Amino acid sequence: MPVRAEHDRATLAALLRRDPVLHAYQLGDLDDFFWPYTSWFRRDDEVALLYHGVDEPVLIALAPPQRRDALAALLTDLAPVLPARLYAHLSPGLAQVLRRWYRIPDGAAHHRMALTDPARLAGVVPAGEPLGGADLPALRALYAEAYPGNFFDARMLDTGQYVGIRRDGTLVAVAGVHVFSPAYRVAALGNVTTHPAVRGQGLAAAAVAALCARLRPHVGQIVLNVRADNQPAVRLYERLGFTRAADFGEHRLTRLDLS
């Protein structure tokens, strides 16, 4: 079956739930909050997502090793009609498939981690208060100082799942989500950072613990992405009960014939 657009959420959910940790971000994007910003493509039982709710579209194409050849076939069919510039989350080996059409510098290796031992969260005292739209200027200022270039869309605050810690009235630590869907029972943590002046005091751990406490009554899977070379962050998440579930690469793609 050639690649085609897929518009049936029930069909997509059934395919993605074969591996709900690997596909947690995609499951979350089936939610009404994210769905209008998505385009879905299917070839046989493999699925790729193009998320266009941000300035630079994001392609997500992930599969376990035994299904990667089938997903590579989907990408081969899909590549000619993808945007000229995009960001991509790709399982190992799939970037090579797209080099016929795109310039792809070496990407950053990432781990997908999942909360598998929530009892460990009890070892951290949670801290932080929910953030909303009024906190956007303070949040942008913190990211500019502590996490420049992070993937943040102001709409994410509308999920109600951002937690911040203040010192003397100034926002100094935050933990948030990229995806939150009670309907599909998944959440993906993201945009976690601490101001450089107060790092090493456990504030990120406290904010993540507070956020997980908010999320757990509503979802069955809590996952996150972390750079493989960010060992302090990996150790932090392991201490909080997260374990490594899959590896993938994040890549920036530019079409070869772009003038």
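Structure values in brief
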{"item": "Average silhouette area of region 115-246, convex hull of alpha-carbon atoms, in square nanometres", "result": "7.7 nm²"}
{"item": "Translational diffusion of region 23-171, µm² s⁻¹ [Kirkwood Rh, Cα pairs; Stokes-Einstein; 25 °C; 0.890 mPa s]", "result": "136 µm²/s"}
{"item": "Alpha-carbon centroids, region 52-71 and region 107-161: separation in whole Å", "result": "23 Å"}
{"item": "Mean ellipticity per residue at 222 nm, deg cm²/dmol - from DSSP H runs of n ≥ 4 across the chain, formula -39500 (n - 2.57)", "result": "-6500 deg cm²/dmol"}
{"item": "Low-density loop positions, trypsin sites (Lys or Arg not before Pro), region 67-119 - DSSP coil, at most 15 other Cβ in 10 Å", "result": "Arg99, Arg100"}
{"item": "Percent of alpha-carbon pairs separated by more than 35 Å within the chain", "result": "15 percent"}
{"item": "Rule-of-thumb Rg ratio for region 60-128 [Cα; 2.2 N^0.38 Å; N residues]", "result": "1.57"}
{"item": "Theoretical gain in end-to-end length, Arg100 to Ser39 [0.36 nm per residue, Cα-Cα removed]", "result": "19.7 nm"}
{"item": "Relative contact order, percent, the chain [alpha-carbon distance under 8 Å, six or more residues apart]", "result": "26 percent"}
{"item": "Total charge dipole magnitude, the chain, about the Cα centre, Cβ charges on Lys, Arg, Asp, Glu only, Debye to nearest 20", "result": "400 debye"}
{"item": "Trypsin sites (Lys or Arg not before Pro) within region 10-62: DSSP coil, no more than 14 neighbouring Cβ in 10 Å", "result": "Arg17, Arg18"}
{"item": "Per-residue ³J(HN,Hα) for region 139-148, Karplus 6.51 cos²θ - 1.76 cosθ + 1.60, θ = phi - 60°, Hz, x for Gly and Pro", "result": "5, 4, 5, 5, 5, 4, 7, 10, 8, x"}
{"item": "Ranked His52, His178, criterion: other C-beta atoms within 10 Å, fewest first", "result": "His52, His178"}
{"item": "Scattering profile of region 40-85 at q = 0.20, 0.21, 0.31 Å⁻¹ [log10 I(q)/I(0), Debye over alpha-carbon scatterers]", "result": "-0.64, -0.69, -1.20"}
{"item": "Neighbour-count ranking [beta-carbon atoms within 10 angstrom, fewest first] of Phe41, Phe248, Phe33", "result": "Phe33, Phe41, Phe248"}
{"item": "Residue-wise HN-Hα coupling along region 77-93, computed from phi with Karplus coefficients 6.51, -1.76, 1.60 (Hz; x: Gly, Pro)", "result": "6, 7, 3, x, 10, 6, x, 5, 10, 6, 10, 9, 9, 10, 5, x, x"}
{"item": "Region 108-259: relative contact order as a whole-number percent, Cα under 8 Å and 6+ apart", "result": "38 percent"}
{"item": "Sorted by Cβ neighbour density within 10 Å, fewest at the top, the residues Ser181, Ser39", "result": "Ser39, Ser181"}
{"item": "Mean separation of Cα contacts under 8 Å (6+ apart) over length of region 92-196, as relative contact order %", "result": "21 percent"}
{"item": "Dipole magnitude (debye, nearest 20) for region 115-246, charges at Cβ of Lys, Arg, Asp, Glu", "result": "260 debye"}
{"item": "Cα-derived Rg to Rh of region 219-259, Kirkwood definition", "result": "1.19"}
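No lab work stands behind these numbers, since they all come straight from the coordinates. As the structure is a computational prediction, the values presented were derived from the model and not from experiment. Cβ coordinates were reconstructed from backbone atoms using ideal geometry, including for glycine residues, and neighbour counts include every protein chain displayed.
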